[in-house]
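Report on the structure given below.
The values are calculated or read from the model by the stated rules, or taken from the named source; none is laboratory data. Here the structure is a predicted model, which means the values were calculated and not measured. Every residue, glycine as well, gets a Cβ built from its backbone with ideal geometry; the counts of neighbours run over all protein chains shown.
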Ligand code: SF4
């Protein structure tokens, strides 16, 4: 059985001696956790910890204990045999392999697909299409289509995140024709609005009236007042304004974002004889 998917799980503690292994996961939520043996997350954790212990050469362990330590429901515990762990390994591998199959019996729904790490390779989600004309659609169909839209949105978000991570990696994992990561815009804020105001009012008492009419007290708005006072373009007096505000402005950079690059899009169309490639259109 082959799969290209990776599986990971997060837990809080793993201690072991020659013969006993204890794995613990702390839960602080108010919902009652499923018992360890019935809990899919804990079964995956048990199997992955056991697999890693074997790989590290600790193959004499006889007892393999897994605990959920819940703040509100106490300690839930299960002990797994090696035979059970081997069974979990086989079934997990089978699940991963079937996830990649075009004929996988998957039934996507917003509740189960939300944040599913396999959504990018899930054939069931990739087959989702909303074809209905909203005007002739019954309320039940509308509800079904809204469910589809929720899953498609999750797929799109994860797809975009995958592309961003690849472009931002050092070195980048790939280049995407027509797309680039554009640096985020700079945002400027005052460290202390009252000090900024008093510096502006030192120019001339009339400036105070203009400042009092402002809805938001931000450096760009103050710069406009400053430029109006000197009858100049804000761009031309930014340097002098920054000098006046010396130490009163902090600059932060917004997150970079994935952007389409116009020239590259023209090239992509040219490759299809100047037509929008229909098979690629969303
Ligand atoms: S995306 Fe949804 S249907 Fe596909 S594997 Fe994940 S949970 Fe299952």
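Observations, loosely collected:
Let's see how each residue does on (1) part of a helix (DSSP H, G or I); (2) out of contact with any strand residue (DSSP E or B) (no Cβ under 6 Å at 6 or more places or on another chain):
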| site | (1), (2) |
| --- | --- |
| 111 | yes, yes |
| 164 | yes, no |
| 172 | no, yes |
| 177 | no, yes |
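- Failed item in (1) within 30 Å of residue 150 (Cα to Cα); (2) surrounded by 12 or more Cβ atoms within 10 Å (Cβ to Cβ), with residue 102 passing the rest: (2)
- Considering 180, 186, 170, 141, the condition of being more than 16 Å from the ligand (Cβ to nearest atom) and under 30 Å from residue 221 (Cβ atoms) is satisfied by 186 alone.
- Residue in the stretch 42-54 that is within 16 Å of the ligand (Cβ to nearest atom), at pLDDT 90 or above and surrounded by 14 or more Cβ atoms within 10 Å (Cβ to Cβ) present: yes
- Residue check, residue 158 closer than 30 Å to residue 256 by Cβ and within 16 Å of the ligand (Cβ to nearest atom): yes
- Of note, residue 6 satisfies the criterion of being closer than 30 Å to residue 128 by Cα and in contact with a helix residue (DSSP H, G or I) (Cβ under 9 Å, 6 or more places away or on another chain).
- Filtered residues of the stretch 116-138 (kept if modelled with pLDDT under 85, assigned to a loop (DSSP other than H, G, I, E, B) and more than 9 Å from the ligand (Cβ to nearest atom)): 129, 130, 131, 132, 133, 137
- Pair list, Cβ < 7 Å and 6+ apart or interchain, from the stretch 123-151 residues that are in contact (Cβ under 8 Å) with a residue 40 or more places away in the chain to residues that are assigned to a loop (DSSP other than H, G, I, E, B): 151/108; 151/128
- Options 90, 102: the member that is modelled with pLDDT under 90 and out of contact with any strand residue (DSSP E or B) (no Cβ under 7 Å at 6 or more places or on another chain): 102
- Only a single item in (1) within 23 Å of residue 10 (Cβ to Cβ); (2) in the same structural domain as residue 36 (by TED's automatic domain parsing) is not met by residue 154, and it is number (2).
- Tally, over the stretch 166-205, of residues that are touching a helix residue (DSSP H, G or I) at 6+ places or on another chain (Cβ under 8 Å) and more than 21 Å from residue 250 (Cα to Cα): 12
- Close pairs (7 angstrom Cβ cut-off, 6 or more residues apart or separate chains): assigned to a loop (DSSP other than H, G, I, E, B) in the stretch 5-22, surrounded by fewer than 12 Cβ atoms within 10 Å (Cβ to Cβ) anywhere: 18/60; 19/60; 19/62
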